[in-house]
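Single-structure report; data block below.
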Amino acid sequence: MIKDPQACIVRKESWKDYHLLSLESPKIALEGQPGQFIMVRITEHSHPLLRRPFSIHSIDGRNVEIFFLSSGLGTSLLSQKKTNDTLDILGPLGKGFNLNDHFKEKDVTIIGGGRGIAPLYFLAQRLSFLGASIRIFYGGKTLADLPLKDKLKKAGFDTFFSTDDGSFGFKGLITDFFKAELEIFTPIHIFSCGPEPMMAKIAKIAQKKKIPAEFSLESVMGCGFGACWSCVRKIRRGNKEEWVKICEEGPVFSADEIIWKEGDK
Amino acid sequence: MIKDPQACIVRKESWKDYHLLSLESPKIALEGQPGQFIMVRITEHSHPLLRRPFSIHSIDGRNVEIFFLSSGLGTSLLSQKKTNDTLDILGPLGKGFNLNDHFKEKDVTIIGGGRGIAPLYFLAQRLSFLGASIRIFYGGKTLADLPLKDKLKKAGFDTFFSTDDGSFGFKGLITDFFKAELEIFTPIHIFSCGPEPMMAKIAKIAQKKKIPAEFSLESVMGCGFGACWSCVRKIRRGNKEEWVKICEEGPVFSADEIIWKEGDK
Amino acid sequence: MTDLSIDLGFLKLKNPVIAASGTFGYGLEFSPFINLDKLGGIVVKGLYYSPCQGNPPPRLAETASGLINAIGLQGIGVERFSEEILPRLKDYNTAIIVNVCGEYEEEYVSVVDFLNKKEGISAYELNISCPNTKKGGLCPALSPENTYTVVSLVKKISLRPVITKLSPNVTDIVEIALSAQEAGSDAISLANTFLAMAVDVETRRPKLANIFGGLSGPAIKPIILRMVYQVASCVKIPVIGLGGIMSGSDALEYLIAGAKAVEVGTANLVDPEATIRIIDELEEYCVKNGIKKIEEIVGTLITQ
Amino acid sequence: MTDLSIDLGFLKLKNPVIAASGTFGYGLEFSPFINLDKLGGIVVKGLYYSPCQGNPPPRLAETASGLINAIGLQGIGVERFSEEILPRLKDYNTAIIVNVCGEYEEEYVSVVDFLNKKEGISAYELNISCPNTKKGGLCPALSPENTYTVVSLVKKISLRPVITKLSPNVTDIVEIALSAQEAGSDAISLANTFLAMAVDVETRRPKLANIFGGLSGPAIKPIILRMVYQVASCVKIPVIGLGGIMSGSDALEYLIAGAKAVEVGTANLVDPEATIRIIDELEEYCVKNGIKKIEEIVGTLITQ
Ligand SMILES: Cc1cc2nc3c(=O)[nH]c(=O)nc-3n(C[C@H](O)[C@H](O)[C@H](O)COP(=O)(O)OP(=O)(O)OC[C@H]3O[C@@H](n4cnc5c(N)ncnc54)[C@H](O)[C@@H]3O)c2cc1C
Ligand SMILES: Cc1cc2nc3c(=O)[nH]c(=O)nc-3n(C[C@H](O)[C@H](O)[C@H](O)COP(=O)(O)OP(=O)(O)OC[C@H]3O[C@@H](n4cnc5c(N)ncnc54)[C@H](O)[C@@H]3O)c2cc1C
Ligand SMILES: Cc1cc2nc3c(=O)[nH]c(=O)nc-3n(C[C@H](O)[C@H](O)[C@H](O)COP(=O)(O)O)c2cc1C
Ligand SMILES: Cc1cc2nc3c(=O)[nH]c(=O)nc-3n(C[C@H](O)[C@H](O)[C@H](O)COP(=O)(O)O)c2cc1C
Ligand code: FES
Ligand code: FES
């Protein structure tokens, strides 16, 4: 856990409501793992007060990249930052995805919905480094919600795109696309991040097919480093269910541990 | 009174802590008079909440110019705005200096201290247009507090500069410089804006010499247009003293009307 | 088109947005900026019987997302108000509500008695909750008994509906609201400002000459919203919510929590067009969410 | 060099800056960021006797310059605290204060009784003012009688100094403070959070699962500062001020208004180094203003 009060924006990329900021922060870049996140201070003034959590989207040498959707006050202010502005960030935080040699030359599937793609690019890079054979499913409401499609393709991953309105790729939910494709292949592991209902569906499919699956969860975070107990989710631990701080013990959990919210079955 | 929610910053000039913003706002530019002011919204968010008052420093065609010292949260945020940013402004507000043909070919003296020079440049331009012969006294703590000295000289006014530390011009208070010069000439009218103790001294000198004098006052302003009664100062009206809203009935008052604060004699 | 009108029972409003007392002058100050006819109503600046000089300046200090004021109810008194202001307000087609102040209980009665004879007033709002009056504090709204006394004295003689404006500086807001209701108040407006202060650390002096003042603005919204929710669930008379409303969304929070209407205060200083913008945003929300009549959303907070 | 130390009578602090309960975990969470030895003190997270699960999420909602929380005092209970945390806190050279909670009066006594036997604690802070406990509300600090009861019960058995943490949700804070003093409290910390709520207008649901929560942060500073000033002028025991302190200047406002020390809460979440920065800023201020000993400025507000 490092506080870098002066991480410089060295590169910025924008697609309508989605933005990528590359922040020069060598120490955090050195330590960050896929699935971990950083807390970004939006303003030095008192409103908005809290930092905002963003997954590490990629690490490029000395730079930590985040990729986000401008959807509220904090993300909209953040989207207005310019190259050479500096940001006060904390990271790397939380526990990331489970990565090990076990994935070598094995089929793994990554499924991202909307801004949920953010942590999965970094994950795919590392998995590919570990020698895994990767399929990426990437879904959005419409074409504009798939800003990273070219980047994923270019990186050489096996890509599967869907849009709800059919403006690009498979028409329909990414979960349906995935389910259909499962007729043809069976990955040894699934990694996913996106809207809760999407992840809940994937968890169900995975459990049915007995494929281990990991998900990156979200919750409102006060601090990001375990001090405030605001970010809890009910997590299954053996026979018990407890409120667990997802900033510390997550944000990545396995399908067995997660209790999906009402209506997310 | 016009609300212009989108006054574009068409030009910005900065000298260390002093800044000039030229705002394209044709309607306000058309109506603004020397001594009047505008209220500038600093942020669309809730902190800092209130607008900030700034005198009209000059009117340049369709543009209204303000000149300010970055001295607190609001002015420091304002100083970070860039060309092409837009500002939400209200104006022109208040009553300005008393200008009429009476000044034609007459000696008038203008005395500004620090950022108090802001409204006086516009005033000098108009007085010069009216044919007055103008002396401008401009004092500051040190050379860096006289950012407009060259501009005033270039504009052809008869200029008198002072710094407390002697780093430029007369060494000492501008009031002492002025007092000394009064041995040589007697203006028919004095206009001034600056720190209260400076203005109080000038008022005293003026009253002693029976020279009419006008001052632009400041106070904390909630609205700038007469709605909140926060900006009052005790003002002498005949035999009576009343709390008067300086945003409406000022900010310019004559020496006879003003009751200087304790310790400003 | 959405029906934005609100029926308070004793008064119909074009829409739920009323300009709050003390932040809207006598109304006329805003006519250069907005069309006053569009407002649900206007509460004019607090009136004592006689003109009042208010507190010495500085009267205002800014705080994080808030504002402390100690104007001290400077104002022109009922006579000048009736002569100079009321006749001009008649030109506008909106509910005119007079904010009634008193240094002692009988003064509320005198003000109302005087104004009863004048035309062009829709209702009285009893300001029994100002935290920074010159005399340092008749604030009946701090106790249920004093609230009851003032409200019932006024109700006895008032020829117009009475809205009682409560103070948030209390342990149990519901108790005070019930007491105003029992005394016959026709509605409750909730709330006035929080007693507050700020210190200038360089001079080591209070930022306000009066030391104390009333905190308003977005900072206080979450506390007052909670009070409005608590009170609206307990009283039968309509509740008007106010405190930190800057946007349509803020107003909606109050309506959903149970307020039948809202007042907009500090926002008027920041943006003289705030009331109109808020009305527009309410309408947009209704259109977007298929709400035909805005009254439908009052008190619809889903807690289960 | 300035002497930043503060003598509370029953406890000497290195400096006036204490980390506030619930925003600083059990202290150890901050050791990656700051040197805990530099702090005036640490108040650990509120402890019930038994572990407590707290409220369901969402537990946090942001508001203008503020934060509403309804953590509901989730925590590990006194046993695990004594076994797992206390021994590790001993390594640090700073005052460790335990925030004591209770669902009923006797629970405060049980917690203190249990902890009396453990080493490494400098004082207890009685949290009689939490607005969002799971059971919806034992909040003795809302009445002088209940405050008196809990404080005197605890004082009877406590082997350590007792700081009573008051609630700002009251009409007359001085009355409650005097009652804590009378019951033998060694100091007062002022204050806990304001009961508040926020509504999501899109879903029409409360933003917190618990509906209500406690408002903290810069938004509330002006109100609590006023209370600290009022209380410090009336009680003889030291007052510790807290509410919205983000900077040295904020802390100074409290000290000048009469607080002998301050606690820093929400700021820790925003900036884990906040306490250290505030201490540095206090020192800078003292140096700049030629203050040799920071205690000199306590209660020096110039009102004339
Ligand atoms: C571990 C983690 C990693 C994340 N990574 C990314 C990412 O890489 N890219 C991305 O676009 N988004 C990511 N998010 C979501 C992102 O943090 C929220 O979109 C953002 O906080 C919203 O802030 P706002 O001010 O724009 O929205 P507002 O709605 O104005 O925020 C209001 C409040 O709600 C909180 N909030 C709102 N939505 C969320 C949410 N979904 N999760 C947590 N807090 C929320 C905010 O922190 C704030 O307190 C992540 C969230 C978590 C918990
Ligand atoms: C009619 C008028 C015209 C002005 N014209 C100019 C100008 O042309 N150039 C210039 O540099 N300054 C001018 N000022 C002063 C300027 O408005 C203040 O410096 C500015 O408001 C300070 O804001 P801040 O947020 O930077 O300071 P902060 O100290 O952070 O402000 C805190 C609060 O105090 C108020 N405040 C602080 N100082 C003053 C002050 N002197 N007058 C009024 N309110 C104050 C602010 O409005 C705010 O509410 C003028 C003031 C008035 C009343
Ligand atoms: C400058 C100012 C003056 C006020 N004057 C009055 C008043 O005369 N009578 C009154 O009942 N309330 C007065 N108030 C309180 C407001 O009407 C309102 O209750 C309070 O500001 C909270 O709403 P807001 O947050 O929208 O401002 C005043 C508030 C301010 C800021
Ligand atoms: C997330 C959170 C948890 C809190 N938990 C506790 C607690 O356990 N015990 C307690 O006495 N106060 C608790 N508080 C209140 C703080 O200690 C403090 O009184 C309050 O937040 C005001 O100070 P601030 O504005 O500096 O945060 C909590 C506050 C927050 C924000
Ligand atoms: S966000 Fe504070 S404990 Fe997880
Ligand atoms: S600033 Fe509001 S009346 Fe003058």
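The values are calculated or read from the model by the stated rules, or taken from the named source; none is laboratory data. For clarity, every value in this text was computed on a predicted model and none was experimentally measured. Cβ: placed from backbone, ideal geometry, glycine included. Neighbour counts: every protein chain shown.
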Check on D:Pro16, within 14 Å of ligand 5 (Cβ to nearest atom), touching a Leu at 6+ places or on another chain (Cβ under 8 Å) and farther than 20 Å from D:Pro87 by Cβ: no
Condition set surrounded by fewer than 23 Cβ atoms within 10 Å (Cβ to Cβ) and of a type outside the set (Asp, Glu), scope the range D:27-36, selection nearest to the other protein chains (Cβ to nearest Cβ): answer is D:Pro32
List the strands (runs of 3 or more DSSP E) that sit entirely inside the range D:15-67 and contain at least 3 residues that are within 28 Å of A:Lys261 (Cα to Cα) and in contact (Cβ under 8 Å) with a residue 24 or more places away in the chain. D:60-63
Just for the range D:37-58: of the residues that are away from ligand 5 (no atom under 13 Å from the Cβ), farther than 30 Å from D:Glu105 by Cβ and out of contact with any strand residue (DSSP E or B) (no Cβ under 8 Å at 6 or more places or on another chain), which one is farthest from the other protein chains (Cβ to nearest Cβ)? D:Asp37
If we scan the range C:230-248, do we find a residue that is among the charged types (D, E, K, R), surrounded by fewer than 24 Cβ atoms within 10 Å (Cβ to Cβ) and either more than 16 Å from ligand 1 (Cβ to nearest atom) or farther than 15 Å from C:Leu8 by Cβ (or both)? yes
Does at least one position in the range B:239-260 carry a residue that is free of Cβ contacts under 8 Å to residues at least 12 places away in the same chain, more than 16 Å from ligand 1 (Cβ to nearest atom), within 21 Å of C:Ser31 (Cα to Cα) and within 14 Å of chain C (Cβ to nearest Cβ)? no
Among the candidates D:Ala61, D:Ala70, which residue alone is crowded, with 24+ Cβ neighbours inside 10 Å, under 22 Å from D:Gly214 (Cβ atoms), within 16 Å of ligand 5 (Cβ to nearest atom) and within 14 Å of chain C (Cβ to nearest Cβ)? D:Ala70
Out of the residues in the range B:36-50 that are closer than 18 Å to B:Gln6 by Cβ and facing another protein chain (nearest Cβ under 9 Å), which is nearest to ligand 5 (Cβ to nearest atom)? B:His45
Does the range A:178-200 contain at least one residue that is buried (at least 24 other Cβ atoms within 10 Å of the Cβ), within 14 Å of chain D (Cβ to nearest Cβ) and touching a residue at least 40 places away in the same chain (Cβ under 8 Å)? no
Which numbered condition trips up B:Pro147, out of (1) outside any loop (DSSP other than H, G, I, E, B); (2) within 20 Å of the chain's Cα centre (by Cα)? (1)
Any residue at all in the range D:190-203 that's under 30 Å from C:Lys288 (Cβ atoms), at pLDDT 95 or above and charged (D, E, K, R)? yes
Exactly one of these conditions fails for D:Leu269: (1) within 10 Å of ligand 4 (Cβ to nearest atom); (2) more than 25 Å from A:Gly91 (Cα to Cα). Give me its number. (2)
Quickly run through the range B:222-239 and pick out the residues that are assigned to a loop (DSSP other than H, G, I, E, B) and more than 6 Å from ligand 6 (Cβ to nearest atom). B:Phe225, B:Gly238, B:Asn239
Criterion (β-branched (Val, Ile, Thr) and in contact with a strand residue (DSSP E or B) (Cβ under 7 Å, 6 or more places away or on another chain)) met by exactly one of D:Ile34, D:Ile18: D:Ile18
State which residue is surrounded by the most Cβ atoms within 10 Å (Cβ to Cβ) when the search covers only the range B:24-50 and only residues that are touching a Phe, Trp or Tyr at 6+ places or on another chain (Cβ under 9 Å) and assigned to a strand (DSSP E or B). B:Phe37
Condition (residue is part of a loop (DSSP other than H, G, I, E, B) and within 15 Å of the chain's Cα centre (by Cα)) applied to the range B:194-207: is it met by at least one residue? yes
Mind checking which residues of the range D:206-234 are under 15 Å from D:Leu255 (Cα atoms), more than 8 Å from every other protein chain (Cβ to nearest Cβ) and in contact with a strand residue (DSSP E or B) (Cβ under 8 Å, 6 or more places away or on another chain)? D:Ile224, D:Met227, D:Val228, D:Val231, D:Ala232
Evaluation of C:Glu284 against (1) away from chain D (no Cβ under 11 Å); (2) outside any helix (DSSP H, G or I); (3) on the phi < 0 side of the Ramachandran plot (one fails), failing number: (2)
Determine, yes or no, whether C:Lys12 is more than 14 Å from chain D (Cβ to nearest Cβ), touching a Gly at 6+ places or on another chain (Cβ under 6 Å) and away from ligand 6 (no atom under 15 Å from the Cβ). no
Could you tell me which of the residues D:Asn93, D:Asn99 is in contact with a helix residue (DSSP H, G or I) (Cβ under 6 Å, 6 or more places away or on another chain) and more than 14 Å from chain C (Cβ to nearest Cβ)? D:Asn93
Do you know which residues across the range D:251-277 are away from chain C (no Cβ under 12 Å), farther than 25 Å from A:Cys247 by Cα and either surrounded by fewer than 24 Cβ atoms within 10 Å (Cβ to Cβ) or basic (Lys, Arg) (or both)? D:Lys260
Being within 16 Å of ligand 4 (Cβ to nearest atom) and outside the structural domain of A:Ser254 (by TED's automatic domain parsing) narrows it down to one of A:Leu50, A:Leu21, so name that one. A:Leu50
Examine the range C:59-76 for a residue that is touching a helix residue (DSSP H, G or I) at 6+ places or on another chain (Cβ under 9 Å) and at pLDDT below 95, and state whether such a residue exists. yes
Starting from residues that are among the polar types (S, T, N, Q) and in contact with a strand residue (DSSP E or B) (Cβ under 7 Å, 6 or more places away or on another chain), keep the ones in the range C:112-131 and report whichever is surrounded by the fewest Cβ atoms within 10 Å (Cβ to Cβ). C:Ser122
Of the residues in the range C:172-205, how many are within 9 Å of chain D (Cβ to nearest Cβ), surrounded by fewer than 24 Cβ atoms within 10 Å (Cβ to Cβ) and without any contact (Cβ under 8 Å) to a residue 60 or more places away in the chain? 7
Of all the strands (runs of 3 or more DSSP E) wholly in the range A:51-121, which have at least 3 residues that are surrounded by 17 or more Cβ atoms within 10 Å (Cβ to Cβ) and either away from every other protein chain (no Cβ under 14 Å) or within 16 Å of ligand 3 (Cβ to nearest atom) (or both)? A:63-69, A:107-113
Reported set for the range C:68-88 where residues are farther than 16 Å from C:Lys117 by Cβ and either without any contact (Cβ under 8 Å) to a residue 60 or more places away in the chain or away from ligand 6 (no atom under 16 Å from the Cβ) (or both) is C:Gln74, C:Gly75, C:Ile76, C:Glu84, C:Arg88
